[in-house]
Amino acid sequence: MAYRSDESSLLIVVLDTNPVWWGQQLSKPNRDLTFTNCIEELLVFCNSHLMMDQRNKLCVIAAHPSKNKFLFPKSELADETASDDSEIMRQTKSDGQYELFAKVSETIREEVKDLIFSDTSGELHADCMLSGAMSMALCYINRVEKEQLNKESFSSRILVIKGSEDHQSQYMNFMMVIFTAQKQNTIIDACILDQESSLLQQACDITNGIYLKIPQLSGLLQYLLCVFLPDAKIRKKMTLPTNVKIDYRAACFCHRNLVDIGYVCSVCLSS
């Protein structure tokens, strides 16, 4: 018997598209996970979320070093003509793929290509604009909530798939995002591909999300489907990974370095 919740679920996936980190994966002898494979496995995960309930909604945001971008839905999606939709339907009739799944897959692939080819900055950064992408996710949740017909209730969660390292300059913006998500009852999950992230550890703990560093990158799809696909109500009945050790160190305002002990201003609470 299929599980049906009384409320729909909005899933927002924030994908780390840092070209430096993904380029390093190509130089490894094993090549457990390439960027192309990650996109294809992400599409399977997104379509699985939409398949769980016909009322479920999806949003995918790319966190790039120079900018953030909506991969799905794209801003021009609402202005597309019926002929564009019929063209997608004609293309998918041959393999019998569901039209919504085809639209999600094609849109994300096109937007990822546009993001890569439009990046002409030439600057290389070890991190991505994660706090900005998560701020966009919270704004999108607020917009969907206001556009809900008949004020139907829905649950929202953000899944961050991250491989690049943290940058402490984003600490303050990131903490504001975390407490805003907590106020909105939005769960933040983290799927870590490489280095541990103290910022995401705090985010998952504060919002009751799941923090998981993938032991084997080749099994990314299995971890996405088994750990991050269930919503909050189903997770209560499952045995899922728990946050054992959390780095709650704060970053100082002057140098943005993590400190164990610091002085805190009694007026502005800066450390």
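The values are calculated or read from the model by the stated rules, or taken from the named source; none is laboratory data. A quick note: this is a predicted structure, and the numbers were derived from the prediction, not measured. For neighbour counting, all protein chains shown are included, and Cβ atoms are generated from backbone atoms with ideal geometry for every residue, glycine included. Each accessible area value is taken on the protein alone, full model and side chains, heavy atoms only, with ligands, DNA and RNA left out. Shrake-Rupley method; radii C 1.70, N 1.55, O 1.52, S 1.80 Å.
Within the range 232-250, is even one residue at pLDDT 95 or above, closer than 24 Å to Arg143 by Cα and out of contact with any Cys (no Cβ under 7 Å at 6 or more places or on another chain)? No, the range 232-250 contains no residue that is at pLDDT 95 or above, closer than 24 Å to Arg143 by Cα and out of contact with any Cys (no Cβ under 7 Å at 6 or more places or on another chain). For the range 174-195, does any single residue satisfy the condition of being open to solvent by less than 20 Å² (accessible area, probe 1.4 Å) and touching a Lys or Arg at 6+ places or on another chain (Cβ under 6 Å)? Yes - at least one qualifying residue is present in the range 174-195.
Checking every residue in the range 261-269 against the condition of being assigned to a helix (DSSP H, G or I), without any contact (Cβ under 8 Å) to a residue 40 or more places away in the chain, open to solvent by 20 Å² or more (accessible area, probe 1.4 Å) and among the aromatic types (Phe, Trp, Tyr) gives zero matches.
Gly122 satisfies every condition listed in (1) outside any loop (DSSP other than H, G, I, E, B); (2) surrounded by fewer than 19 Cβ atoms within 10 Å (Cβ to Cβ); (3) at pLDDT below 95 except (1).
In the range 25-55, the qualifying residues are those that are open to solvent by 20 Å² or more (accessible area, probe 1.4 Å), of a type outside the set (Val, Ile, Thr) and part of a loop (DSSP other than H, G, I, E, B), and the one that is nearest to Leu149 (Cα to Cα) is Arg55.
Among the candidates Lys67, Lys74, the residue that is at pLDDT below 95, within 23 Å of Leu115 (Cα to Cα) and open to solvent by less than 70 Å² (accessible area, probe 1.4 Å) is uniquely Lys74. Which residue is nearest to the chain's Cα centre (by Cα), if the candidates are limited to the range 130-156 and must be surrounded by fewer than 22 Cβ atoms within 10 Å (Cβ to Cβ) and not in a helix (DSSP H, G or I)? The residue in question is Ser155. Every listed requirement among (1) at pLDDT 90 or above; (2) over 30 Å from Cys38 (Cβ atoms) is met by Thr180 save one, (2). Report whether or not Leu159 is surrounded by 15 or more Cβ atoms within 10 Å (Cβ to Cβ), under 14 Å from the mean Cα position of the chain (by Cα) and either modelled with pLDDT of 90 or more or not charged (D, E, K, R) (or both). Against the criterion (surrounded by 15 or more Cβ atoms within 10 Å (Cβ to Cβ), under 14 Å from the mean Cα position of the chain (by Cα) and either modelled with pLDDT of 90 or more or not charged (D, E, K, R) (or both)), Leu159 qualifies.
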